[in-house]
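Below is one structure, written out as structure tokens; comments come after it.
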Amino acid sequence: MPVIVTKKGQQIIVDQAEYEIAKQFKWVISKTGKNKSTPVTFVDGHYKTFSRVVFGIEQGQSIAHKNGNKLDFTRDNILICKDKSEFWHVVSSNRKGKSSQYHGVCYNNALEKWVVQVRKNGKVITGGRYNQEDEAGIVADYLMLFHYGDIAARNFPELNMEQFEKRYNEINEKYGSGRIEKISRAGQGRSNAKYRNKTSKYVGVSWSKKRNLWTAQISHTRKVNVLGRFLNEIDAARAYDKKAKELYGEHAKLNLPEL
């Protein structure tokens, strides 16, 4: 495996394609904070990071190292994160909370419970309170997988999906069946008739007088996504259901579940 050697002899591990770029510069390891450091080089009168020069990382983005080695820039070991909240949940699970051994879990002294909190798009999603620390750790894994998919760091990577789902279902049943799913999809949209748009019987569908069309939209992580405008109310409801399945999977609330 090609390596780039810094002025002080540290080795930056890269693939061949990145080696061809990186070898053109002289690199040093610079401290960027407490217990944090990164390779930098001096270019055009400014110090620039290895991530910026070699991978073209833009402002606001960051690189996460799967194995925790900040000098291992091989493609199989890195994930390019588009924002800080994504970085927080894809980095190695060694980043434990101050009061818990598990990622996304902290202890609430007043409640005497383990609390689950997951970040997404700068917002904190609370995943409930639990009696046992490992129960909270499993729920944190569930929410991280739900919101970040396969790139999520996990507290229990040793569990295969069948084992993980079995453990998760046991916790879900213990604290009330459906409770955790309710938390995870809280931002999907209001299904209660009290909150439905008066112009349509379907969730996420409304009539636009201005355009004489049906509009479909869905909320996700506190943002509203407009899905399009339709001549037919049913078509708008179907568009909502399709996006709901994409965003919320098997727990999606659908207008037309029979279709």
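Structure values in brief
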| item | result |
| --- | --- |
| Test: residue in segment 142-158 that is among the hydroxyl-bearing types (Ser, Thr, Tyr), at pLDDT below 75 and out of contact with any helix residue (DSSP H, G or I) (no Cβ under 9 Å at 6 or more places or on another chain) | no |
| Residue within segment 133-155 that is in contact (Cβ under 8 Å) with a residue 12 or more places away in the chain, assigned to a strand (DSSP E or B), hydrophobic (A, V, I, L, M, F, W, C) and more than 25 Å from Gln61 (Cβ to Cβ) present | no |
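This table checks each residue for (1) part of a strand (DSSP E or B); (2) modelled with pLDDT under 80; (3) in contact with a Ser or Thr (Cβ under 6 Å, 6 or more places away or on another chain); (4) under 19 Å from Leu254 (Cβ atoms).
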residue: Ile171; (1), (2), (3), (4): no, no, no, no
residue: Glu181; (1), (2), (3), (4): no, yes, no, yes
residue: Ala186; (1), (2), (3), (4): no, yes, no, yes
residue: Gly189; (1), (2), (3), (4): no, yes, yes, yes
residue: Ser200; (1), (2), (3), (4): no, no, yes, yes
residue: Arg211; (1), (2), (3), (4): no, yes, no, no
residue: Trp214; (1), (2), (3), (4): yes, no, no, yes
residue: Ile218; (1), (2), (3), (4): yes, no, no, yes
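The values are calculated or read from the model by the stated rules, or taken from the named source; none is laboratory data. Treat the numbers as computed from the prediction; the structure is a model and nothing was measured. Using ideal geometry, Cβ is built from the backbone for each residue, glycine included, and neighbour counts are taken over all protein chains shown.
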